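Heads up, the thing below is written out as structure tokens.
We did not get these values from a lab; they are worked out from the coordinates using the rules stated. Note that the coordinates shown come from a computational prediction; the quantities given were computed from them, not determined experimentally. In this analysis, Cβ positions are derived from the backbone assuming ideal geometry, glycine residues included, and neighbour counts consider all displayed protein chains.
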Amino acid sequence: MLVQAAKQLRAADGQPPQTVGVFVNASAEELRHAVSTAGLDVVQLHGEESPGFCRNVKQELGVDVWKVFSIRPETTEPPQSAEEKLAPYKGVIDAVLIDTAGGGTGVAFDWQVIAEYRAAANAIGVPLYVAGGLHPDNVTELLDGYMPDGIDVSSGVETEGHKDIDKIRLFVRKVIER
């Protein structure tokens, strides 16, 4: 199993990497089953999960909760500020991740919003992670210009829908060498 293999690895601090499950509007029962079956450390919630739902997941399952907020193109509705979106989650999540609306598109959102989200995440005492359209050619710009606490990459290190070890190595090298 992939999770068991990951737990055999060690990071620079000697600890194994955290194992993360990605979910969209999963029920509490689905999360309970996934966490107990796979032995996940973190649930990354991409749906419409409320602060109360996140609190219950964290307390009942004993895992970290990373809540994802989609960055959508401007609409005709008045935008809700990052602070308004994140404040209700204070004390119930362990990290904020911002991603391009729809996820998995390979398209980056307007990075100008990162500073606002970083300030809002700091205000609730959690790190800010960024995903969406990241690849070896733009990760250095993101890290140097916007300084998120972490990054999440998927399709940006794929070729024809499959993870590409050369792209993964290049991506990691660019992160480490900056």
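Can you figure out the FRET efficiency of residue 160 with residue 11, using R₀ = 41 Å and their beta-carbon distance, to the nearest 0.05?
The calculated FRET efficiency here is 0.85.
Enumerate by residue number the trypsin sites (Lys or Arg not before Pro) in the stretch 1-97 meeting two conditions: DSSP loop (anything except H, G, I, E, B), and at most 16 other Cβ atoms within 10 Å of the site's Cβ.
Here the trypsin sites (Lys or Arg not before Pro) that fit, given the DSSP loop and packing criteria, are 10, 90.
Based on DSSP H runs of at least 4 residues, each adding -39500 (n - 2.57), what is the mean residue ellipticity at 222 nm of the chain after dividing by all its residues, to the nearest 500 deg cm²/dmol?
Value at 222 nm, helices only: -10500 deg cm²/dmol.
Identify all lysines with a Cα-Cα distance to residue 90 below 23 Å; exclude those on the same chain that are fewer than 8 residues away in sequence.
58, 67
Connecting C-alpha atoms closer than 10 Å in a GNM of the chain, tell me which of 83, 30, 49 has the biggest fluctuation.
30
Could you list which residues have their amide H under 5 Å from that of residue 97, counting only those 5 or more apart in sequence or on another chain, with H placed in the peptide plane?
67, 68, 69, 129
Reachable lysines from residue 163, Cα under 24 Å, same-chain residues fewer than 8 places away excluded?
7, 174
Any idea what the relative contact order of the chain is, in percent, if you count C-alpha pairs under 8 Å spaced at least 6 apart?
14
Can you give the Rg to Rh ratio of the stretch 90-145, both from alpha-carbon atoms, with Rh computed by the Kirkwood formula?
Rg/Rh for the stretch 90-145 comes to 0.99.
Measuring from label point to label point, each 7 Å out along Cα→Cβ, what is the residue 59 to residue 177 span in nm?
Result for the modelled spin labels: 4.9 nm.
Could you put 143, 134 in order, starting from the residue whose Cβ has the fewest other Cβ atoms within 10 Å?
Least crowded to most crowded, the residues run 143, 134.
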